[in-house]
Amino acid sequence: MTPELKDRIVDRLIGTGASEKPWALAILAALEDEQQLAAYLEGTKHISKPSAREAEPAKPGTEPPGAYVSSITVEGFRGVGRAVTLKLRPGPGLTLVVGRNGSGKSSFAEGLEFLLTGHNYRWEKRPRVWVDGWRNLHHKDGASLHAELLVEGQGTLSVSRTWKTDDIAGGETTVKRRGSAAQPLDSMGWNAALTTFRPFLSYNELGSLLDEGPSTLYDALSSVLGLEELNEVQKILANARKARDAQVADAKAEAERISEAIALLELAAVDRRLVNASRALDGASWDIAALQDLVQGESDADTTDINLLGRLQAIAPPDETGAANAIRNLRATQGVLADLAGTSAERSRAQAQLLQQALAFHERHKAKDCPVCRTAGVLSKSWVTATRKEMAKLKKDAAACEAAESASSAAIRDAQRLVMAPPPTLEESKDLGLATLPEALRCWTAWAEGRDIESAQLLADHLETQILEFAEAVKLLIGEVRIEKQRREDLWRPIAAAITAWLPAAQDAVRAKAQIKELKAAEAWWKETSALVRDERFEPIAGRALAVWNQLRLLSNVALGGIGLEGVAQRRRVTLQVTVDGSPAEALGVMSQGELHALALSLFLPRATLPESPFRFLSVDDPVQSMDPSRIEGLARAFADTAKTRQVIVFTHDDRLHEAVRRLGLSATVIGVTRRARSVVEVRQITDPVSNLLDDARAVARTADLPKGVAGRVVPGFCRTAIEAACMETVRRRRLARGEMHDQVEELLAANTRTHPLMALALLDDERRTEDVLPRLRRIGAWALDTFNTCKAGSHQGQSDDLQELIESSGKLAAKITEAP
Amino acid sequence: MRWDDETVGRELLGFARSLLERSTDDTQGLWPRAAVLLARQSLEVALKTYWSAMAPGLEECSTRAQLLCLGTYAGNDRLAGRANQVWAALSRAAHFHPYELPPTREELLLWFDTVQEVLEGTEPAWNR
């Protein structure tokens, strides 16, 4: 990207406030190249926000050194047999190469084009046999093309191509500077410019440019605008966006594929892991975090089916042995209690206490009579002994009774410990579709009812009746759970693997989605900016094309209001705003063939003469065909105007152009081409600006009965102009050959239009040495000095014989000047 | 032909134009060539009128000579060139060329405009 264009873009980013948008950075990265944009979007490259530049004065369009054509030599090529050279004046000016159809003049035009481009428009549209006939039939000795180019600031270049075979593509074009080795033509770096500024225009090409459709015309015109750079950035942005579109589409397709795979599973609507995965994969935005949790098993553990199954599986099966022990225990303690039936531990203990108190009373008071029943004399020694014995027995009975009761309570407690409530997991797992769960739950609930039984007997009975059923039901459940869990894991495993594999792409896609939005905004802005830059650049060309058209159209009732480039890609086209007698119309519909040619010429003369072109010549082959006679004046003027700054070489079979140039008094060199038998082509200069003027002078001088003084006034003027033309021609040729830039030479000439300094420039190569002009002329001869003075005086009062002599000596002087090195 | 009266050139061009504007039955088919002849005469009269003021005697010389001298005397090579061109075009059209089509209305208008330009460009001389 050129710095100028980049500056223009940055200015516009800032100017439109777009530089504040995040996508402005993407545009800046894209200005560099595709890799930079990729790096920026990957986050590996930092792009800083653009800041306003210091305002710089706009640089004027720079003119590269330009090439003029000094000669074209053609041998054994197309209509030319023996080698023949077309000598041209390298420098601005109009040259008409005239010759009948088939005279071989086009062979020079085609030869130059082929030499420089390796192509020829006219043949490329023709069948193969036509192309193959490029070699001249009358000349089998050799085939070659040669051109001498004069390049500003570089001197003469020889461009040559020689064929050893009949293959037109054979041979290589080389370019050689004086004193250095020949190099391939490519080394000149002209390839792009030859397309962009195409200095070759032919009748066929002019016609087809408008026929081939609006996009061809658009391409031909827009190549000079340097729009490729703009399109390149557009492409970079679009590619980045498309890559992301594809990324998102791929991730989406894969998500859908996984979703479909889930949907096909038998538990798709049941297994909450699958349901959640499916839900997280559907919809406009994926729940990446949820999916990550799912595949890593870190989901909300309690609610996930697989975890429930895990917990079900972890349930301890009923302890049958423990239950049997408990039953036995219950029953045993119950037996002991039964044996102690009727015995009351409390009563025995109270009785024993009473007896103990009685014994204590008897001992202290030595009483013989019973204080309770007042029976006398019963409290004897034997009573004491018997009572002591009884008291001991009573105490023992009470202890045994207490132990039995305590054992029974412990047995009940132990048994009840086995009778726990069903774990909540069972209730929670109701939706898992486990066939054995209801029975297990029922059995467990029934089993758990034992918790409320106080009686060891009843409890033992409860356990005994429930345990087998309960244990079986739970075992069955655990068995089913194990199978179910395995089944669900088997279903899940491939899904989890697919999701795991998909997740990185999905994360990229999520990021890409955000970038697509940015890139779309960038693209829209860029499109708008491209159109703007394109219009800016096309404006001067359109303006000049309009000017040429107005010169060419003359009396056409078709007025061209504006030329524009519109649209992009498939819809790119050139718009031609045309009115016919004031009514808008479709340009290509209302124009005659001749007008279309004029229009094409109007569009392509400005293109070929842009300052950026390295070619200062323009070769036009047969522009007059199908052009109305009245338009030829305009054409001649357009060429002459172009020839003020460019070397315009026009090949024509139509002498109307020549005549118009002559009649209009336009300065031109005319070269005639004729072809004799066996393709012997002859080239001769018919006239040039100097001889044209002298011819006119002669015609006046020879006119009989001219009033006195008229010829004397007119002829010297013609002669002076002829000498000045010779001077200018000499100065241009010399200075360009020396390597000076065309602009500077023209500036020098424009600053020295008076005869004296001009002569100083031509003869002495120094416009300041005006005082040396006359001595120098005297050295050439007294006649030269006289001629100069007479012409300069501007009128001549002598006889008509003198005038004839003045014309001839002016011709001689012009020749002398032209000979000057 | 009267060429000493400066109005004649304009009159002739006016006739030429009017031939173009309204073609009657009696001018049908003839009008393009007639208009060409009138316009050429208008140009020649303008030149003669010019020369009778600027360089008496030159009006008697060939039109080619008059045209060649015009640039020098009028100090306007472009005007002389256009006069030369239009005179050549009118002369060519005035003669019968077997394979050439008669000029179109638009061509004639263009030529008339050029003649008009020459008339105006040479007028100051006879108003002096």
I'd like the distance between the alpha-carbon centres of region A:149-197 and region A:750-786, rounded to an integer number of Å. 39
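Which whole-number percentage describes the relative contact order of region A:330-445, with Cα contacts under 8 Å and a sequence gap of 6 or more? Don't skip to the end; give the middle numbers.
Numbers: 80 pairs, mean separation 38.9, N = 116.
Contact order relative to length: 34 percent.
In peptide B:61-68, how many Cβ atoms from other protein chains are near each Cβ within 10 Å, on average? Before the final figure, lay out each step's value.
Values: counts 8, 5, 0, 4, 12, 4, 4, 12.
Mean number of neighbouring Cβ atoms from other chains: 6.
Quick check on packing: order A:165-171, A:688-694, A:501-507 by the mean number of other C-beta atoms within 10 Å, highest mean leading.
A:688-694, A:501-507, A:165-171
Under the definition of partner shielding as Cβ atoms of other protein chains within 10 Å of a residue Cβ, what is the mean value for peptide B:75-84?
Values: counts 0, 0, 5, 4, 1, 3, 10, 5, 3, 6.
Across B:75-84, the average partner-chain Cβ count within 10 Å equals 4.
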How big is the gap, in Å, between the Cα center of region A:1-32 and the Cα center of region A:690-747? 55
For region B:76-85, in order, what is each residue's ³J(HN,Hα) by Karplus, 6.51 cos²θ - 1.76 cosθ + 1.60 with θ = phi - 60°, in whole Hz (x at glycine and Pro)? 8, 5, 5, 4, 4, x, 5, 4, 4, 5
Just how far, in whole angstrom, is region A:323-353 from region A:272-288 if you go by their alpha carbon centroids? 66
With θ set to phi - 60°, apply the Karplus curve 6.51 cos²θ - 1.76 cosθ + 1.60 along region B:87-93 and write out the HN-Hα couplings as whole Hz, x wherever there is a Gly or Pro. 5, 5, 5, 5, 5, 4, 6
If I fit a long axis through the Cα atoms of helix A:742-751 and take the longest principal axis of the Cα atoms of chain A, what angle between them do I get, 0 to 90°, rounded to 10? 50
Count neighbours as other Cβ atoms within 10 Å of each site's Cβ, and list the GluC sites (Glu not before Pro) in region A:422-487 that are DSSP loop with at most 16 such neighbours. A:Glu454
Using alpha carbons only, how many degrees (0 to 90, rounded to 10) separate the axis of helix A:800-819 from the longest principal axis of chain A? 40
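Counting only DSSP beta bridges with both residues in the protein assembly as shown, tell me the antiparallel percent, nearest 5. If you can, show how the numbers build up before the last one.
Values: 48 of 68 bridges.
If we restrict to bridges inside the protein assembly as shown, about 70 percent are antiparallel.
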Across peptide A:703-715, what mean number of C-beta atoms from other chains lies inside 10 Å of a residue's C-beta? 6
I'd like the orientation of helix A:23-32 relative to chain A: the angle between its Cα long axis and the longest Cα principal axis, in ° from 0 to 90, rounded to 10. 50
May I ask for the longest run of chain A untouched by trypsin sites (Lys or Arg not before Pro) that are loop-located per DSSP and have at most 14 neighbouring C-beta atoms (other than their own) within 10 Å? A:375-643
The set of residues whose placed amide H lies less than 5 Å from the amide H of A:Ile686, leaving out same-chain residues fewer than 5 positions away, is A:Val670, A:Ile671, A:Gly672
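Readers should treat all values here as calculations from the given coordinates under stated rules, not as data from a laboratory. Since the model is a prediction, treat every value here as computed from it, not as a measurement. Cβ: placed from backbone, ideal geometry, glycine included. Neighbour counts: every protein chain shown.
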